[in-house]
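Have a look at the structure below, then the notes.
The values are calculated or read from the model by the stated rules, or taken from the named source; none is laboratory data. Because the structure is predicted, anything quoted here is derived from the model rather than measured. Every residue, glycine among them, receives a Cβ derived from its backbone with ideal geometry; neighbour counts consider all protein chains shown.
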Amino acid sequence: MSPAPSTLLAVTYAAPGRLWILLVVAVLVAGYVAVQLRKPKYTVKFTNLELLQSVAPSRPGWKRHAAAVAFVAGLGVLVLALAMPQQRTKVPTNRATVILAIDTSLSMQATDVSPTRLAAAKEAAKLFLDQVPKDMNVGIVSFNGNAAVRVEPTKDRDAARQALDNLQLGERTAIGEAIFVSLDAIKTVPPAKDGAKVPARIVLMSDGATTSGRSNSSATAAAKKAGVPIDTIAFGTDHGTVNLPDSPLPVPVLVDRPALAAIASQAGGHAYTAASQGEISTVYKSIGRSIGYRTVNKDISAEYELVAFGLLVIAGAMSVVWASRMP
């Protein structure tokens, strides 16, 4: 097992044990400073100081220290390069699978989000498809009183977009069923070539509370057991209304944010809220960046070596030009 990386100057080092060599550089610095501060042991025998100044070469002043500073800095950076510096970098997670579970209950026809909640959700979901890596599997699940897989996890973005366009409204809301159906869809994804389990995530967008089907708690327990986090998006405002055939007056359709936040918390995901098409697009972008990429340690030793080489070249050039000698 490789040693745990350590951090210095906001950079991770894979071989931190080599950083002790910096002590050697520090000793060189201390020695140079000591030599410069040492008092001269000779006396001036010239009585005519003006004549001495005219015949003695002028001292280079700060220039005689510049080369030494560049030389020591180059050595220091070179030591850091030997410690194998690494930088946290995001790379595409091509093997991941994400299920977009979208609420299609009648409340999604509310116009508090223009043109309607459902239309805005469709467009935002399409933007999401552009955010994640092309090799990632994306599935579409819709739910109202029932839940159904509209597109199995696939890399075919056109099929996913067509499924979004074909979403239809229906009565009631079955969030728990949507989670169970999403988990079943994830199971259809074959394991990786090396046999490793393919990471998966559910992004569930809704504007209401569960009114039919299995409970939210049983569904989140199943997701937690399967190791599938659930991100929830509470979509809509507190001023949405819909017109129903059996009601003479518009019916308020509130957003049940606490219920959706509880699902995300219990399933190890994140809870988001969005009250406009712009906000839900931003949320989807944020989710896409978090599940579409993973953070790895990228070796940047070559960059450090290049900087060290440049500093050493500069030190040599200054010594030759200003002192006619190498440092």
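Remarks
- When the residues of region 250-259 are filtered to those that are assigned to a helix (DSSP H, G or I) and out of contact with any Gly (no Cβ under 9 Å at 6 or more places or on another chain), the one that is surrounded by the fewest Cβ atoms within 10 Å (Cβ to Cβ) is Pro258.
For (1) closer than 21 Å to Thr273 by Cβ; (2) surrounded by fewer than 19 Cβ atoms within 10 Å (Cβ to Cβ); (3) of a type in the set (S, T, N, Q), each residue gets a yes or a no:
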residue: Ala148; (1), (2), (3): no, yes, no
residue: Pro153; (1), (2), (3): no, no, no
residue: Asp158; (1), (2), (3): no, yes, no
residue: Asp184; (1), (2), (3): no, yes, no
residue: Asp231; (1), (2), (3): yes, no, no
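- Taking the listed residues Gly145, Gly213, Gly208, the one that is on the phi > 0 side of the Ramachandran plot, in a loop (DSSP other than H, G, I, E, B) and in contact with an Asp or Glu (Cβ under 6 Å, 6 or more places away or on another chain) is Gly213, with no other qualifying.
- Identity of the residue in region 122-144, in contact with a strand residue (DSSP E or B) (Cβ under 6 Å, 6 or more places away or on another chain) and either modelled with pLDDT under 95 or outside the structural domain of Thr232 (by TED's automatic domain parsing) (or both), that ends up farthest from Pro199 (Cα to Cα): Ala125
- Selection count where residues are of a type in the set (Val, Ile, Thr) and in a loop (DSSP other than H, G, I, E, B), scope region 98-142: 5
- Only one of Glu171, Glu177 that is assigned by TED's automatic domain parsing to the domain that holds Leu106, in contact (Cβ under 8 Å) with a residue 24 or more places away in the chain, crowded, with 17+ Cβ neighbours inside 10 Å and touching a Gly at 6+ places or on another chain (Cβ under 6 Å): Glu177
- The condition of being under 20 Å from Gly74 (Cα atoms), at pLDDT below 90, of a type in the set (Val, Ile, Thr) and surrounded by fewer than 19 Cβ atoms within 10 Å (Cβ to Cβ) does not hold for Val296.
- Residue in region 100-112 that is surrounded by fewer than 18 Cβ atoms within 10 Å (Cβ to Cβ) and either among the hydrophobic types (A, V, I, L, M, F, W, C) or modelled with pLDDT under 90 (or both) present: no
Listed here are the residues, each with its yes/no results for (1) closer than 19 Å to Val283 by Cα; (2) in contact with a Pro (Cβ under 7 Å, 6 or more places away or on another chain); (3) in the same structural domain as Gly176 (by TED's automatic domain parsing); (4) among the hydrophobic types (A, V, I, L, M, F, W, C).
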residue: Lys224; (1), (2), (3), (4): no, no, yes, no
residue: Gly227; (1), (2), (3), (4): no, no, yes, no
residue: Asp231; (1), (2), (3), (4): yes, no, yes, no
residue: Leu244; (1), (2), (3), (4): no, no, yes, yes
residue: Pro252; (1), (2), (3), (4): no, no, yes, no
residue: Ser265; (1), (2), (3), (4): yes, no, yes, no
